[in-house]
Amino acid sequence: MTDDKPTRREFLRGRRDEALIAGDADSDNLDRNVAPSAGDDPTNAPYLLKIGRRAMACQFQIMVNAGKYETATETAIEALDRVDQLEQLLTVYHDDSEVSQLNRLATGDYSFVSPELADLLRLSLRLNKITDGAFDITAGPLAEVWAVARHESALPGEAEIKQALQRLGCQHLAFDEQEETVKFLRSGIALDFGGIGKGYALDDGASILESGGLMDFLFHGGRSSVLARGKCTDASAGESAWRVGVIHPLRPSQRLAEVQLENCALSTSGSQTQSFTFGGRRFGHVLDPRTGWPAEGVLSVTVVAPTAAEADALSTALFVLGVDRGVEVCEQHPEYGAIFVAPGNRASEIKIVSCNLTDQNFRVLSE
């Protein structure tokens, strides 16, 4: 996290916006992939007040209907302050964060955790279970192995992958929900909430916005995760759900679909932009913690869920699981909707599979 804080004047930016596009934004290079959709006619776009700040290696941004709330600016700054606090709590890049300290202390003995970390552990372990281990908060060692591989444009050795796999797995965590304590049952285990932290920050920040009286807003965490509350005011059509575009995984300048969000969250994962090629084969950055290798067979997955934390984690987990098993998970949990984009029969073609989304809140714009 940067220590440079913008002035209050630098927080503010109000203008008409053409589109909110949801794409894969695990890094700043992908931030261009997302923006709110105001439809095909930009003259009908709402006038939005935008309050943003950089945190968790991306841009967090709150959008509210301009002029609707007198305390919008102050309340939004409080929500962004909360995102900063959560970053200090969850980051593995600062030695003094709670997660870093826990990773040093929890091997061999139970350690108490904060209420925030306890909430994340409960949710993470539940999502790990329902996704057959495809979402795993202990997969940091595997990510490190492949980060080196991408940097060197070479594949990691089987021994490296095997060694990393021996140091991960939620089955090696002992979490006492009543006492809110955790213990690592195997040496080398470490927690990393990178796959769910941004979503959790959106949820927690949204609670502050609502407590401050803001009931209609859109809250972005980077460009892949977004949480919607209430409605957007349209210049011609009045109030409507927030419309968010999903980027085409093969044509980044084009919207593939549009989803209407109201009191729910959306997140997209994909690997087209972050990948490297070795031996004529492309390897993406979304890793399967069960096999140790990059997930294949899907171009992108977009998840709509009640909370941003769930959408954040599940978009990656369903990408790992693939279309067939991913659809089964959604069918077993109807509170989750998903859009799977898979390769078509030809190189330039795609196949779209949706689950638990209706014509009223989802429409395909192009294929």
Inset, instruction - Can you list which of the GluC sites (Glu not before Pro) found in the stretch 93-185 are DSSP loop residues with at most 14 other C-beta atoms within 10 Å? - result: E177, E179
Legend entry - Unpaired by the 4.7 Å Cβ criterion, cysteines found in the chain: C58, C170, C232, C264
Inset, instruction - Mind running the shape call on the stretch 107-247? Use the C-alpha gyration tensor, a ≥ b ≥ c as the square roots of the eigenvalues: rounded below 1.5 for a/c, prolate if a/b tops b/c, oblate otherwise. - result: oblate
Inset, instruction - Subtract the Cα-Cα distance of T277 and Q166 from 0.36 nm times their separation in residues, and report this length gain in nm to one decimal. - result: 37.3 nm
Legend entry - Simple Cβ-charge dipole of the chain, Lys/Arg +1 and Asp/Glu -1, about Cα centre, in debye nearest 20: 940
Legend entry - Proximal lysines to K68, defined as alpha-carbon separation beneath 23 angstrom and excluding residues fewer than eight positions away on the same chain: K50, K231
Inset, instruction - Arrange the peptides 291-303, 348-360 so that the one whose residues have, on average, the most other Cβ atoms within 10 Å appears first. - result: 291-303, 348-360
Legend entry - Separation of alpha-carbon centers, the stretch 237-287 and the stretch 101-160, rounded to whole Å: 24
Legend entry - Options (i) 21.0; (ii) 22.0; (iii) 24.4 - which one matches Kirkwood radius over Cα pairs in Å as calculated here: (i)
Inset, instruction - Under a 10 Å cutoff between Cα atoms, tell me which one of Q61, Q178, Q274 has the largest fluctuation in the Gaussian network model of the chain. - result: Q178
Legend entry - Cα-based shape type of the stretch 315-367, given that a ≥ b ≥ c are square roots of the gyration tensor eigenvalues and the cut on a/c is 1.5: oblate
Inset, instruction - Grab the DSSP H runs of the chain that are 4 residues or longer, score each as -39,500 (n - 2.57), total them, divide by all residues and round the 222 nm result to the nearest 500 deg cm²/dmol. - result: -9500 deg cm²/dmol
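Bear in mind these aren't lab numbers, they're just calculated from the coordinates by the rules spelled out. The shown structure was predicted, so the numbers you read here are calculated from the model rather than taken from an experiment. Virtual Cβ from ideal backbone geometry, glycine too; neighbours counted across all protein chains shown.
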